[in-house]
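Since every read-out is calculated from the coordinates, none of them should be taken as a lab result. Worth saying up front: this structure is predicted, and the values here are computed from it rather than measured. Backbone-built Cβ (ideal geometry, glycine too); neighbour counts: all protein chains shown.
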């Protein structure tokens with residue numbers, strides 16, 4: 001069952017990882033030649049006219065984009081968080097529901113496979129692909145950056161693994177929501193919406209003290225790159241919350257899916 005799931009989800013995984021690596025590969029090739037001393041000075045002057053809120057959105061108020069690693073800490077990790085979050089939400093939305101959507105659930109029931117076994121295999125495969133994607137991006141970026149400049153290795157590693165705290169809960173939330181639907185198209189928009197709304201709430205929470213409470217409603221706050229850059233660590237509480245939220249939705253997935261009338 002797990003081998004089948006790995007094979008079925010491999011194509012989409014490769015597409016997403018190739019897109020991400022292509023983006024960062026282009027940056028690592030072009031950035032050193034673009035960012036000469038004159039361009040850096042012009043860029044810094046341009047950034048000064050940006051509103052403070054916009055700078056905070058991309059962490060440009062606490063880090064410089066004069067280097068590739070600086071860009072990675074700003075716009076680069078925005079891309080990583082959004083793309084890995086979208087991948088996790090789409091994977092969670094489809095991984096259970098596609099069996100009903102494609103009518104392959106009848107094939108699975110023709111074999112001595114319980115619903116719990118179906119759920120477990122899909123959960124394991126989903127976690128595997130999410131963690132593999134994040135680790136491959138980490139290795140690709142580490143090699144690319146090491147070839148062109150020196151980096152703060154600890155900060156880089158903390159930033160690179162932080163998406164796990166976001167993507168795993170998003171995967172389980174999307175998977176749980178899919179248990180209430182019979183068609184992938186219906187749940188896909190909801191899951192992607194959760195990603196963008198959650199990211200937007202994290203951005204709002206970082207703008208000022210009055211809006212800080214929005215972080216309590218955002219999954220993205222568990223791996224907020226701004227807090228990692230400022231504190232150079234990942235709070236243990238965030239890891240605990242990630243595990244707790246994931247376990248709650250895993251329990252819900254087993255309970256709801258076992259009661260669901262499958263088409």
Reciprocal mean inverse distance between Cα atoms of the chain - Kirkwood radius, Å: 19.7 Å
Candidates 139, 82, 204: whichever shows maximal mean-square fluctuation once the chain is modelled as a Gaussian network with Cα springs under 10 Å: 139
Rounded tilt (10° steps) of 37-48 against the dominant C-alpha axis of the chain: 70 degrees
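By count of other Cβ within 10 Å, fewest leading, how are 61, 224, 152, 209 ordered? Don't skip to the end; give the middle numbers.
On the way: 61 16, 224 24, 152 13, 209 7.
Ascending number of Cβ neighbours within 10 Å: 209, 152, 61, 224.
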Contour excess over end-to-end distance, with Cα ends at residue 4 and residue 23 and 0.36 nm allotted per residue: 3.8 nm
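In terms of the Cα gyration tensor, with a ≥ b ≥ c the square roots of its eigenvalues, is segment 112-244 rounded because a/c is under 1.5, prolate because a/b exceeds b/c, or oblate? All intermediate terms of the calculation are to be shown ahead of the outcome.
On the way: a/c = 2.20, a/b = 1.35, b/c = 1.64.
Because a/c hits 1.5 or more and a/b fails to exceed b/c, segment 112-244 counts as oblate.
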Most fluctuating residue given options 245, 143, 49, as computed from a GNM of the chain linking Cα atoms under 10 Å: 49
Over the chain: helical MRE at 222 nm, DSSP H runs n ≥ 4 each giving -39500 (n - 2.57), nearest 500: -25000 deg cm²/dmol
Using a Förster distance of 30 Å, the FRET efficiency for residue 117-residue 12 (Cβ separation, nearest 0.05): 0.85
Length released on extending from residue 190 to residue 56, taking residue separation times 0.36 nm less the Cα-Cα span: 45.5 nm
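What is segment 193-263 by shape, rounded, prolate or oblate, if you read a ≥ b ≥ c off the alpha carbon gyration tensor as root eigenvalues and call it rounded for a/c under 1.5, prolate for a/b larger than b/c, and oblate otherwise?
Cα axes put segment 193-263 in the prolate bin.
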